[in-house]
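Written below as structure tokens is the structure these notes are about.
The values are calculated or read from the model by the stated rules, or taken from the named source; none is laboratory data. These figures come from a predicted structure and were not determined experimentally. For neighbour counting, all protein chains shown are included, and Cβ atoms are generated from backbone atoms with ideal geometry for every residue, glycine included. When the accessible area is computed, the model is the full protein with side chains, heavy atoms only, and any ligands, DNA or RNA have been set aside. Shrake-Rupley method; radii C 1.70, N 1.55, O 1.52, S 1.80 Å.
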Amino acid sequence: MLCGILGKTFQLVGYTIQYDCIAHCAFEYVGGVVMCSGPSMEPTIQNSDIVFAGNLSRHFYGIQRGDIVIAKSPSDLKSNICERVIGLKGDKMLTNSSSNFFKSHNCVPMGHVWLEGDNLQNSTDSRYYGPIPYGLIRGHIFFKIWPLSDFGFLRDSPNGHRFSDD
């Protein structure tokens, strides 16, 4: 009887480990549901909106200008940020100082991207911390799940950015 209980316990532990591994791989490589917070991406993504972040595009197709991504914050690696990709390697980015008086050019180095929020007046982004390493990108957000009134693919930047390779 003890062997039967012990065998069932080991079987249950084995199934639990298998399902945990499958769930980990699904969330790490396929994607998952994310609740966004903060004003950085308003009006495209509002506080408490729920979106789907796909990770396959990050691994197989790469990140393009105009994509909305989730990345580790370069100033606090324990937190995530949600921003739009504005520049890729080699792009020259014109930035304003907080006083809007001084302007400077920053070149996006290889292996980095330039991120900005759609809410330029209330976003801490690459204008603040510079280009971020591609390795900090966790996923590509392309679909809004909640609220149901906004269900569907996310729209283009409201800031008039043109994202062509011209």
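See the values below:
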quantity	calculated
Set of lysines near Lys144 by C-alpha distance (under 23 Å), chain-local residues within fewer than 8 positions excluded	Lys72
Label-to-label distance, nm, for residues given as Ile17 and Ile145 (7 Å Cα→Cβ offset)	3.0
Solvent accessible area, Å² - Cys21, 1.4 Å probe, full protein context	80
